[in-house]
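Below: the structure, in structure tokens.
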Amino acid sequence: EGRVAVAARRLYDGAAAPGHRLIGARLLVQTCADEALLRTWLEGDDLPAELAKDSDFRWFVVRALARRGWLGEEEIETYRQRDESLAGQQAALAALALRPTAEAKAWAWAALTQDRARSNYELNALAGAFWTSGAPEVLAPYVERYFTDIPPLADRVGEDALGTVAALAYPLPMVSEQTLAASRAALARRDLTPAVRRAIIDAQAKLSEALASRATFG
């Protein structure tokens with residue numbers, strides 16, 4: 001395992017305070033490559049009581065497994081049925097969108113841009129998870145689709161809510177000159193609502209900074 005995962009394990013094992021133990025556990029979940037450990041923790045086994053009963057931590061593990069492609073739709077649905085709270089429903093949607101396969105990304109994008117039954121909270125969950133997993137070749141087709149599919153959501157999503165969705169769904173992790181060119185081309189259009197335009201401007205500034213940093217430091 002990597003150095004961060006090793007350090008996280010040491011923090012978790014040596015923590016005396018519950019808060020420190022939670023920090024170590026979350027960091028270990030994010031960085032370790034031990035599927036067996038994550039599945040054990042998912043069931044609440046081999047955990048201190050405060051974590052075994054923590055639904056937020058359980059969803060944290062679910063999302064980590066889904067992001068790595070180790071948890072499928074049926075298993076995610078099982079945990080969704082155990083937690084019918086609003087937070088649980090959103091966490092399940094995020095987990096589904098985190099799955100790294102082309103099929104999962106196609107489903108998530110359709111749910112985000114075409115499913116009129118989705119609430120604003122659900123759109124945020126989908127948008128916030130979409131770009132955080134998946135190989136570049138799987139995600140690349142959705143860069144252009146962001147600029148064609150997200151602005152029309154104005155027909156059914158209010159301006160404030162759309163601004164949040166547009167910010168979350170922006171392809172910021174796809175740091176490339178191609179992404180920047182597509183973003184600039186979108187801003188030259190006249191059909192963007194103020195909320196979408198502002199979201200793109202703000203995200204594009206971060207993208208430009210990332211490109212400049214890459215050019216300077218490699």
Q.
Being in contact with a helix residue (DSSP H, G or I) (Cβ under 9 Å, 6 or more places away or on another chain), in a helix (DSSP H, G or I) and within 18 Å of GLU144 (Cα to Cα) is the filter here; which residues of the range 175-197 pass it?
A. GLU177, GLN178, THR179, LEU180, ALA182, SER183, ARG184, ALA185, ALA186, LEU187, VAL196, ARG197
Q. In this structure, does PRO141 turn out to be open to solvent by 30 Å² or more (accessible area, probe 1.4 Å), over 23 Å from PHE60 (Cβ atoms), at pLDDT 95 or above and not aromatic (Phe, Trp, Tyr)?
A. yes
Q. Which one of these does PRO100 not meet: (1) touching a residue at least 24 places away in the same chain (Cβ under 8 Å); (2) out of contact with any Ser or Thr (no Cβ under 7 Å at 6 or more places or on another chain)?
A. (2)
Q | Test: ARG9 is closer than 27 Å to LEU96 by Cβ and open to solvent by 50 Å² or more (accessible area, probe 1.4 Å) | A | no
(Q) Looking only at the range 117-138, filter to residues that are outside any helix (DSSP H, G or I) and under 21 Å from LEU180 (Cβ atoms); which one of those is least open to solvent (accessible area, probe 1.4 Å)? (A) TRP131
Q) Regarding THR193, is this residue within 27 Å of ARG116 (Cβ to Cβ), open to solvent by 20 Å² or more (accessible area, probe 1.4 Å), of a type outside the set (A, V, I, L, M, F, W, C) and touching a residue at least 24 places away in the same chain (Cβ under 8 Å)? A) yes
Q. Going by the structure shown, is TRP59 modelled with pLDDT of 95 or more, touching a Pro at 6+ places or on another chain (Cβ under 6 Å) and either open to solvent by 10 Å² or more (accessible area, probe 1.4 Å) or under 20 Å from TRP41 (Cα atoms) (or both)?
A. no
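The values are calculated or read from the model by the stated rules, or taken from the named source; none is laboratory data. All figures in this text were calculated on a predicted structure; none of them were measured in a lab. Cβ: placed from backbone, ideal geometry, glycine included. Neighbour counts: every protein chain shown. Remember, those area values only see protein heavy atoms, side chains included, never the ligands or the DNA or RNA. Shrake-Rupley method; radii C 1.70, N 1.55, O 1.52, S 1.80 Å.
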